[in-house]
Each structure stands twice: as C-alpha cells, then as structure tokens.
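Derivation of every value follows stated rules applied to the coordinates shown; laboratory data play no part. Being a predicted model, the structure only gives us computed values, none of them experimental. Positions of Cβ are backbone-derived with ideal geometry, glycine not excepted, and every protein chain shown enters the neighbour counts.
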Amino acid sequence: MLQFLRNGRKALARGGSAIFVVGNEACDLDSFVSSVAVAVQQTAATKSHSLFVPMLGIRRSDFVLRGDCTAALRYAYPTEYSDILDSLCFMDDSLANSQQTTTNTIQNIFLTDHNIPAKSLLTRFNDSIHVVGILDHHSDEGLFADCELLRVVDSVGCATSLAVDLLSTVNFFDNSRAATAATAAALLTTVDHAFAKLLISPILLDTVNLDPSFNRVTPTDIAAAQQLVLAIHKIDPAYDPLAHFRLLQLAKFDTSSLSVREMLRKDYKQTSTSGTELGISSVTTSFDDLIRREDGTGDFTKVIASIRAYCSELRLGILIVMTAFEDSKSKSFERELVIFVPRNGKIGSASRNLFDLLEQRSDLKLNHLKTVEDDDGILRWYKVGNAKISRKLLQPIILPMIQSII
Ligand SMILES: [Mn+2]
C-alpha cells in the first residue's frame, strides 16, 4: 500500500494528471478506506493507464481527530503508519494543485461513500469537476447516471464492502491467480494481509461486528468480511475480528490523547451573522479537563491562549465551547458553556450585552462560574442548568442576540 501511494505522489509531482478518488467530507473510516480500495481496484482493473489517487476529504491536520481512521491504519500497518500517513493525499495537499494550472482545467473525480459531490470538494476544484465513477451505499440521488468508469450505488452496511466485492473481481484475494491480474500484482505482490486488515476495519465498525440485530449488515458485507478474514488468516492465524472490532470502537470515541486545539476542531461548526463569524465547538469532556490537558496545574492562562489562537486562526468574532460529559462523582449528565470574545473582533466590547441577554434566558438556566478578562479578550464560563440545550438548539437562540448587539 505504501508503494502504491508513493507511486501516486511521484506521478503527481511529475505533473501527471490523476483521477482523485474521494470519500465524503466527514471522512469517517468507511470514506477513507473505500477511497483507497477503489483507487487500488481501478488501477488494477482499468486497461487505460490512468493514475488513481485516493484523496481524503479533510485537511491533513484533521486526520488525527479521526480516532477510528488512525486506529485502523495503525492496526493494519504498525511499522509503516507514519510513512503511509505522509504519502496520503488530503484536500489541502499542494501536490494536488499542480493539477489545476489554469482555472478552466476540469478535475476528474471518483466519489466513494457519497453520490453528490460535497460543497468543500466543489470549492476545492473551483466548481470544475467531472465525476467519472461512483461507489456508494447512501440513497441514490440519481446524478451522474452516465459515469464512464463505474456506477455502483447499493444500500449495503458499508461502502467498503462494495469495493471488496469489486477487488475480488480482479482476483485480488486469490493468491494463485494474483499474477494474472498484472497491475494488481505490481501493486501488492502477494495477497496482502495488512491491506485486508485495513479493508475489514470499516466493515466491522459500520455493521457493529456484522450483528444482524442492528439492521445494518447485508449479505454483501458478510461475504466481503469472510473473504478478508480468510486472506488474513493465511498469514496471521491468530487474527480475531471481535477483538479488532472492540479496538476500533474504543478508538472512535477516545479523545484522551487530543490537545485543546484538536478537541475544539473535532466537532466544530461555523456560521456567520452580520459579518461576524460564530464558531461552536462541541466537546465531550468538562472544561476542567481541558484546563488540565493544557497545563497540569489547572491554570487558565494556557487554555485561554489556545482558545484565542483558535479564534484568530479562523477569524472568529466569538467562540462558544459547549461541553457535555458525565460528572465523575454524581454520574449525572452535565453541560457547560464557555464563551470567548476576542477584544479586537466585531463583538469586542459589546460582549457584556451578549452575556446579559444569555443570562436573561430562563430556558438556558445559566449558572455563572467564572469570568477571565485581559487585553486580548474576555472568557466567561457557565454551567448550563438545562442539560437538553444542544448546539442545534443554542445556535438559533444566540444568532439573533449577536445581530441585536452589533
Ligand atoms: Mn459509509
């Protein structure tokens, strides 16, 4: 796999024109792995000498936030992990820019795990893309009916299962016949058990370990998983899919190794009103925990510095951190709001008016815990009495407040 990705990068660097195979913009494990699988499969299957390069629908710095993706890659390729990561292509990869030297260039794209191009993908290529193939398991929107390479939309549990099904048509898993699929053999000289471990990861995760009681698994998923387990067992007889599934599921929800910036970034939405950018980060831990993460002493200075840096990076007029967590002592579900307003931003000195408006909202039941103020901005930390207040509910409450004060 490393060699395959490196070959792609080299060809891109030489100015070769590629077909980017792109998963959806959430870039979950299925999107990541199905894009790699389809790039390999199309390279092996198509008679033309097109270059297929998997591209992840996120910025490189955000990959670390996908605990399921990092865990699956580390599990399959423990020693090659960093090299593979370096060789993967992301949306902000400058190599992909050499494709578009003029604004009129149309970029060929193969979509996996979605069948309508995301806005971020269109923006990335100046609205000039041509969809040559689709492999997806979401409901079919019927677009690009005349894709020249392939169009598979089938409501299975995991898009990667469809890719594995296609890989088996190029004899990818058949050791004795691998040599007949010349390009596949050149990619991966033997049936690659590490690649099979990567391929099975999203299938296990998306079908909850192929458990029929969750109504996600289909015969296609089961067939794909069985084929992969066979390939893995040839090299690694001790391989246990259940243990693999548990590891992936834990990793998906584990945020303990993330920094404050990464926590802010992980589940983040941004909107604008009256020319002011509002960012809301949902965080699955307490603000106390964020403070300790940044500085073991529990001092506010560093966590505020991280929040401030995040605001300037995204040119925010206001950042709201919504925490949701289980209190370790009472075991009750708690929410907090931490609001930071940079002084030089659009809201700036009007922040007090905003805090007043919020505190007057009886449905929020805000309990003021602390205010920290310096030359750069003001941070106010609340406990939210109404634990039902989610980001979806807060946003329409706060947007008109911002409009009314600036
Ligand atoms: Mn999917």
> Is it fair to say Gln403 is surrounded by 13 or more Cβ atoms within 10 Å (Cβ to Cβ) and within 21 Å of Thr271 (Cβ to Cβ)?
Replying inline: no
> Hey, any hits in the stretch 219-232 for a residue that's under 21 Å from the mean Cα position of the chain (by Cα), small (Gly, Ala, Ser) and within 15 Å of the ligand (Cβ to nearest atom)?
Replying inline: no
>> Every residue in the stretch 256-268 that is touching a helix residue (DSSP H, G or I) at 6+ places or on another chain (Cβ under 8 Å) and either crowded, with 17+ Cβ neighbours inside 10 Å or outside any loop (DSSP other than H, G, I, E, B) (or both), please.
In response: Leu258, Val260, Arg261, Glu262, Met263, Leu264, Arg265, Lys266
>> Just to be sure I understand, how many residues within the stretch 149-166 are within 19 Å of Ala231 (Cβ to Cβ) and either within 12 Å of the ligand (Cβ to nearest atom) or touching a Lys or Arg at 6+ places or on another chain (Cβ under 7 Å) (or both)?
In response: 5
>> Condition (residue is crowded, with 22+ Cβ neighbours inside 10 Å and either charged (D, E, K, R) or part of a helix (DSSP H, G or I) (or both)) applied to the stretch 236-245: is it met by at least one residue?
In response: yes
> Taking the stretch 40-60 as the search range and keeping residues that are in contact (Cβ under 8 Å) with a residue 60 or more places away in the chain and assigned to a helix (DSSP H, G or I), which one is farthest from Leu250 (Cα to Cα)?
Replying inline: Ala45
> Among the residues of the stretch 1-26, which ones are assigned to a loop (DSSP other than H, G, I, E, B) and surrounded by fewer than 24 Cβ atoms within 10 Å (Cβ to Cβ)?
Replying inline: Met1, Arg14, Gly15, Gly16, Ser17, Glu25, Ala26
> Within the stretch 29-54, restricting attention to residues that are of a type in the set (Gly, Ala, Ser) and within 16 Å of the ligand (Cβ to nearest atom), which residue is farthest from Lys266 (Cα to Cα)?
Replying inline: Ala37
> Going through the stretch 132-148 one residue at a time, which ones are crowded, with 22+ Cβ neighbours inside 10 Å and within 14 Å of the ligand (Cβ to nearest atom)?
Replying inline: Ile134, Leu135, Asp136, His137
> In this structure, does Gly57 turn out to be under 24 Å from Ala225 (Cβ atoms), within 15 Å of the ligand (Cβ to nearest atom) and crowded, with 19+ Cβ neighbours inside 10 Å?
Replying inline: no
> Do we find that Ala26 is of a type in the set (A, V, I, L, M, F, W, C) and touching a residue at least 40 places away in the same chain (Cβ under 8 Å) in this structure?
Replying inline: no
> How about the stretch 208-220: which of its residues are assigned to a helix (DSSP H, G or I) and touching an Asp or Glu at 6+ places or on another chain (Cβ under 8 Å)?
Replying inline: Thr220
